[in-house]
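Trainee: One structure coming up, written as structure tokens, with questions to follow.
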Amino acid sequence: MKPLPASSGDLLADRRADYAEALFASHDYVDAAALMLGALELAPGWTLGWFRLGEMQEAAGDLEAAAHAWMMALKLDPADRPGSALKLALIGKAPVAAAPPSAFVEALFDHYAPNFDTSLVEKLDYRVPEYLDEAIRAQDSRRFRLALDLGCGTGLMGERLRPIADRLEGFDISAAMLRKAERKGVYDRLGKADLQQFSYDGPAPDLVTAADVFMYVGALEKVVATVAGLLAADGLFAFSVEKLSGPDGFALQPSRRYAHSETYVRAVLSANGFSVLSLAERTIRQDRREPVAGLIVVAGR
């Protein structure tokens, strides 16, 4: 998948967009949106420009205009790499989907890949691999014959799994993330895969992990059923979710990530033949200097 161009391709339009960003940074949202609209008059086919215009109009309080801008971005890029449909859902202009667009997730993590480890671990105090490692070891002291790391990213979870797995395979939707993971040399195999459509034809793994992944999946029924179908009878399934403060279900958050309630997580696991071996609430990272609550879960067949 090719990335969307950050430039409009028109020097004058780009200059106006840069001025609009300067105004936006100084909290002059109305004038920023007006200037960005002027840039788009010169470059009407610029998908990311329309998406950014929508964000500026949203900040200015003009949700109708923002919706129009995001619908334009969606029209120009039906695969929805910017995530326009999610923004429309968050302002009530479209139904909330059960899952984010796969192209959005892929583009997002391709963009994050170059600075992912530094930004996540050092700046956002990301702790999920550490917590999952502790939870797995607390349940089972064995070495695992085969571990699958779903949504492996750059290999932060893989580094934790390598000492306890004879064979370790990682799968991710982002090719850029996989290239970073490959350079770490911790996986025996890496593969590009969309977890919404994931399948595996190898031997049954006795450990499957998904660290900080399900907030970009949404509804968990399909992926949990897939894991249940491939996991060995004595296997463990260890994962995290961002905790939903409400009692039931899952919901799209303003961050464009999905949060899941404990009740929902337990129900989906139970429906697929899993029992919860451990479940703990932990602060999994910071977001805009605020702690993000998550659930660290280990389940067994």
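Trainee: Just to confirm the number: angle between the C-alpha axis of helix 11-25 and the first principal axis of the chain, 0 to 90 degrees, nearest 10?
Mentor: 70 degrees
Trainee: Next question, about the same structure. Any idea of E58's accessible area? Nearest 10 Å², probe 1.4 Å.
Mentor: 60 Å²
Trainee: Determine the alpha carbon to alpha carbon distance for each of K75/K243; K93/K192; K123/K222; K222/K243; K75/K192; K87/K123 and list only those over 29 Å.
Mentor: K75/K243; K93/K192; K123/K222
Trainee: Find out how many positive minus negative residues lie around K180, taking Lys and Arg as positive, Asp and Glu as negative, among other residues whose Cβ is under 15 Å from that of K180.
Mentor: Local charge sum for K180: -3.
Trainee: To test your reading of the geometry: what angle, between 0 and 90 degrees and rounded to tens, separates the Cα axis of helix 63-76 from the longest principal axis of the chain?
Mentor: 70 degrees
Trainee: While we're here: Could you calculate the FRET efficiency of R288 with D234 from 1/(1 + (r/R0)^6), where r is the beta carbon distance between them and R0 is 41 Å, rounded to 0.05?
Mentor: Efficiency computed from Cβ-Cβ geometry: 0.45.
Trainee: With both partners inside the stretch 140-265, how many of the DSSP beta bridges are antiparallel, as a percent to the nearest 5?
Mentor: Roughly 15 percent of the DSSP beta bridges within the stretch 140-265 come out antiparallel.
Trainee: If you roll a 1.4 angstrom probe over the protein chains with everything in place, what fraction of the accessible area of the stretch 91-228 belongs to carbon and sulfur, to the nearest %?
Mentor: 49 percent
Trainee: Under a 1.4 Å probe, what is the accessible area of the chain per residue, stated in Å²?
Mentor: Here the per-residue accessible area is 46 Å².
Trainee: Please identify the trypsin sites (Lys or Arg not before Pro) of the stretch 21-98 that satisfy two criteria: DSSP loop assignment and at most 15 other Cβ atoms within 10 Å. Which are they?
Mentor: none
Trainee: Apply 1/(1 + (r/R0)^6) to the Cβ-Cβ distance of T118 and A280, taking R0 = 35 Å, and write down the FRET efficiency to the nearest 0.05.
Mentor: E(calc), rounded to 0.05, equals 0.85.
Trainee: Can I ask one more? In the stretch 52-132, if the dipole is taken from +1 on Lys/Arg beta carbons and -1 on Asp/Glu beta carbons about the Cα centre, which of L120, L76, F104 is farthest to the positive end?
Mentor: The residue sitting most towards the positive pole is L76.
Trainee: Computed from the coordinates I sent, volume of the Cα convex hull per residue in Å³ equals one of (i) 120; (ii) 130; (iii) 169. Tell me the label.
Mentor: Comparing each candidate, only (ii) matches the computed number.
Trainee: Right, next: For the chain, what proportion of DSSP beta bridges, expressed in % and rounded to the nearest 5, is antiparallel?
Mentor: In the chain, DSSP labels about 55 percent of beta bridges as antiparallel.
Trainee: While we're on this one: Size of the dipole of the stretch 41-160 about the Cα centre, Lys and Arg at +1 and Asp and Glu at -1 on the beta carbon, nothing else charged, in debye to 20?
Mentor: Dipole of the stretch 41-160, to the nearest 20 debye: 380 debye.
Trainee: If you put +1 on each Lys and Arg Cβ and -1 on each Asp and Glu Cβ, how big is the dipole of the chain around its Cα centre, in Debye rounded to 20?
Mentor: Around 640 debye, computed over the chain.
Trainee: Further question on the same structure: Report the calculated FRET efficiency for A204 and H27 (r = Cβ-Cβ distance, R0 = 51 Å), to the nearest 0.05.
Mentor: 0.40
The values are calculated or read from the model by the stated rules, or taken from the named source; none is laboratory data. What you see is a predicted model; the values in this text were computed from it and never measured. When we count neighbours, we look across all protein chains shown, and the Cβ atoms used for this are built from the backbone with ideal geometry, even at glycine. Note: areas computed on protein heavy atoms with side chains; ligands, DNA, RNA excluded. Shrake-Rupley method; radii C 1.70, N 1.55, O 1.52, S 1.80 Å.
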